[in-house]
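The values are calculated or read from the model by the stated rules, or taken from the named source; none is laboratory data. Remember, it's a predicted structure, so these values are computed and weren't measured experimentally. Heads up, the Cβs are rebuilt from the backbone with ideal geometry, glycines too, and the neighbour counts pull from every protein chain shown.
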Amino acid sequence: MKFWLDGQEWDTDKPVFILGYVIIKTWFPLDPKREPLMCKEYGCVTRKEHISNLVISHENGCSWVSNFRLTSKDFYEHLNYKQHIVATSPQKAKEQYERLLQNHGGK
């Protein structure tokens, strides 16, 4: 199913890519608000995941997708679009990360 979120089209039938980093052979999802420099320190690694749940918001009789959650090979249950860097390709995920670093002054 196709849907729009934050001006971008997403498709539940296609994979998405989430940005993270690896420490001692274990992959961790990047939380850009809490630990924005972990990818810079350990290297960016994207993982292919799938959209599993849509978060639907309602107001005044209107409904829209306000977030989505991802399935994960490692059973991370908290992976979602609003808290992590998720994109339709590995390159786009890394570009989002580069923009994030530029906006934060590359600290």
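Please go through the range 24-44 and pick out each residue that is surrounded by fewer than 17 Cβ atoms within 10 Å (Cβ to Cβ) and assigned to a strand (DSSP E or B).
Residues of the range 24-44 that are surrounded by fewer than 17 Cβ atoms within 10 Å (Cβ to Cβ), as a first pass: 24-28, 31, 33-35, 37, 40-43.
Listed by number, the residues that qualify are 26, 27, 28.
Which one of 14, 33 is out of contact with any Gly (no Cβ under 6 Å at 6 or more places or on another chain), of a type in the set (Lys, Arg) and under 17 Å from residue 84 (Cα atoms)?
Just a single option satisfies the conditions, and that option is 33.
Among the residues of the range 49-105, which ones are part of a helix (DSSP H, G or I) and within 12 Å of the chain's Cα centre (by Cα)?
Scanning the range 49-105 gives 90, 92, 93, 94, 96, 97.
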Unique match (being loosely packed, with under 15 Cβ neighbours inside 10 Å and modelled with pLDDT under 90) among 50, 78, 58: 78
Can you pull out every residue in the range 9-20 that is within 13 Å of the chain's Cα centre (by Cα), part of a strand (DSSP E or B) and not aliphatic (A, V, I, L, M)? 10, 17, 20
Matching entry among 13, 6 (being exposed (fewer than 12 other Cβ atoms within 10 Å of the Cβ) and within 16 Å of residue 89 (Cα to Cα)): 13
Quick one: how many residues across the range 21-57 are closer than 18 Å to residue 104 by Cα and in contact (Cβ under 8 Å) with a residue 24 or more places away in the chain? 9
